[in-house]
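No lab work stands behind these numbers, since they all come straight from the coordinates. Because the structure is a prediction, the values reported are computed rather than measured. Cβ placement follows ideal geometry from the backbone for every residue including glycine, while neighbour counts extend to all protein chains displayed.
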Amino acid sequence: MESRMLLTWMLLCLLLRLSAAQNPAPEGVLNCCEGDVLFLVDSSGSVSSYEHSRMLTFLSELLLPFSLGEDQVRIGLLQVGTQPRVEFGFDVHGTQSGLQGALRNVKPLRGDTNTVEALEMAKKRVLRPGVAGGARAELPRVLVWLTDGVKPGDVIGPMAELRKEGVAVLVVSTGHGNYQVLRQVVSPPVENNLYFVDIDDMSIITEDLRDAIIEIIRAERINVRDVATNSATLQWRPVLSGLTGYYEIRFGPVQTGGAGGGGGTGTSPSTGGSQYQRLTQSADASTARLTGLKPDTTYTATLTPESNEQAFNTLSVTFTTKPEVMSPAVVTVSESGPTSVRVSWGPFDAETVTSYHIEYSALPRGKLHAVTVGRTQNSTLLRDLQPDTTYLVTVSARHTSGKEKAMSVKLCTPEVTPALADLQLTTVGSDSVQVDWKGSVAGLKGYWLTWEEQQSSVPGQRSSLYLPPDSLSTRLTHLPPSARVCVSPIYRTARGEGLCCTAQFHSNALAYSYQS
């Protein structure tokens, strides 16, 4: 008789576990939530092996629908016995297959019902953010206590400390425990978070308990990122993933009944009249770009998941766009030549600028010139400038708001430095040469002459000579054989391109060569 009952019990456990493994996830639950849920399971001597197995089967069915992972739901399990034990923390099982396998392999502890020590362990090692394997900061934390109600100990104080730290407490009792004690330890509302059920009928509360957990950890969050002067991006958890439907998004300036301003929290979006805008996104979307916004304006956006399969709450968020970027903030000069200069400006902001207006004139009282370029252009080439002249350049950005910002910069065009027009050498005797050239252009400050030995394997010492601007010839004496002579014009800011010739002293006859 006993062997038949044992066989029946084993078959029942097997069927229950197979049923849990094959039970499909309820629609609309996947991707719904984000939080850490710790199950405190009584496995002391007052709980039979059958009851312990039924509790684990119940947990398997309860948790099967949830999407697990670092950015979704994480599950931990702590057993109560004489020496409580953390079976696995929140960072262990990131998949349903791993979690379900772990639940099938949990063995009871037996011994005393040391719930107080188990709660202390849960508080310090599992539910505390920041510890290894512990809970995540800024996310919901839930403790679900499964007990037979037999001598749980003085749990009211420890449970109150957990609730004070933000942990939501739910209780499932499979015995006839003290109702007054249990109702004091659960988080309100008591009718949603406290369950009394026979061990063989636990499945009847599966859906209700799951809904209670979802209500606490539902990731009904909508965030705003990439906020700019006239755009922003909404981001949310894709609660419609796997369902048919769409997201409806409405956004508009906050209506406060007075002048618009900065904070605006707690106000309603402009969902009436002509100011609000509406757009829709597909069921698998998780972001939407809001455009056409006004700078430095507070907006409220609402997100409504629409589906015939499940009802979802409307989410809302309030944000303020950035002040208008009053370009230009910097003006630079490049490609500078005697008669043209390229002027560039930034930062580039084609969305809020209608055009750029550039004015320039020679200082101190030159004629004013102007040019206008389009909103997508951030540089222009100024032509027909005067060499060696200082100009004042002003770049003005005309914004869509009607505002205008200007920035000025001084620039100097380089002077013209013509090259030497001609150079001739005439040998005089065995070591002298007559040097003649053509120059005399405006702005000339003088000439620079250099000469040195050209054909020697070891170059000789270079000699140099400065001559005033009215000089067009000179005679050089005591030159080395095959001397190379160079003449360069000198201007106010630079040296112009010169010419070089090599003198060959072969005879008394005229002998020179010309090299540029």
Exercise for review: Holding the Cα-Cα limit at 21 Å, pick out from LYS294/LYS405; LYS124/LYS164; LYS322/LYS410 the pairs that are longer than that.
Suggested key: LYS322/LYS410
Practice item. Name the aspartates and glutamates eligible as straight-distance cross-link partners of LYS403: C-alpha to C-alpha under 16 Å, and not fewer than 8 places from it in the same chain. Key: ASP296, GLU324, ASP349, GLU351
Review point. Between ALA228 and ASP384, how many nm apart are label points set 7 Å from Cα along the C-beta direction?
Key: 3.7 nm
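Output needed for the stretch 21-217: three equivalent-ellipsoid semi-axes, defined as square roots of 5 times the C-alpha gyration tensor eigenvalues, in descending order, whole Å. Mind dumping the intermediate values first?
Working: eigenvalues 97, 73, 59 Å².
Equivalent-ellipsoid dimensions as semi-axes: 22, 19, 17 Å.
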Check your understanding: Using the alpha-carbon centroid of each, what span in Å lies between the stretch 174-220 and the stretch 272-335?
Key -> 40 Å
**Study point:** Residues with amide H under 5 Å from that of GLN377, placed H, sequence gap 5 or more
**Key:** none
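Can you check what the net charge comes to around SER327, using other residues whose Cβ is under 12 Å from the Cβ of SER327 (Lys, Arg +1; Asp, Glu -1)?
Numbers: positive: ARG375, ARG398, LYS403, LYS405; negative: GLU324, ASP349, GLU351, GLU404.
Here the charged neighbours net out to 0.
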Study note, to complete from the structure: Taking GLU207, GLU248 and counting other beta carbon atoms within 10 angstrom, the fewest-first order is GLU207, GLU248
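Going by how many other beta carbons lie within 10 Å of each one, how would you line up PHE319, PHE58, PHE505, fewest first?
Numbers: PHE319 21, PHE58 24, PHE505 18.
In order of increasing Cβ crowding within 10 Å: PHE505, PHE319, PHE58.
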Point to revise | Helix 2-22 vs. the chain, principal-axis angle (Cα, 0 to 90°, nearest 10) | key: 30 degrees
Point to revise | Anchor LYS367: aspartates and glutamates whose Cα lies under 13 Å away (excluding residues fewer than 8 positions away in-chain) | key: GLU359, ASP384
Check your understanding: Between PHE196 and residues 5 or more places away or on another chain, which pairs have amide H atoms under 5 Å apart, with H built 1.01 Å from N, and which residues are they?
Key -> SER173
Review point. Around ASP148, what is the net charge, scoring Lys/Arg as +1 and Asp/Glu as -1 over all other residues with Cβ under 9 Å from its Cβ?
Key: -2
Exercise for review: Over all directions, average the projected area of the Cα convex hull of the chain and note it in nm².
Suggested key: 45.6 nm²
Check your understanding: Short version: ³J(HN,Hα) in whole Hz for each residue of the stretch 368-379, in order, from phi by Karplus 6.51 cos²θ - 1.76 cosθ + 1.60 (θ = phi - 60°), x for Gly and Pro, what are they?
Key -> 7, 10, 8, 8, 10, 10, x, 5, 8, 9, 10, 7
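Which value at 222 nm does the chain reach when only helices count, each DSSP H run of 4 or more adding -39,500 (n - 2.57), with the total divided by all residues and rounded to the nearest 500 deg cm²/dmol?
Values: 8 runs with 84 residues, N = 516.
Computed mean residue ellipticity for the chain: -5000 deg cm²/dmol.
Counting other beta carbons within 10 Å of each residue's own, what order do ILE213, ILE249, ILE204, ILE222 fall into, fewest first? Intermediate values should be presented prior to the final figure.
Values: ILE213 23, ILE249 20, ILE204 11, ILE222 17.
If I rank by nearby Cβ atoms, fewest first, I get ILE204, ILE222, ILE249, ILE213.
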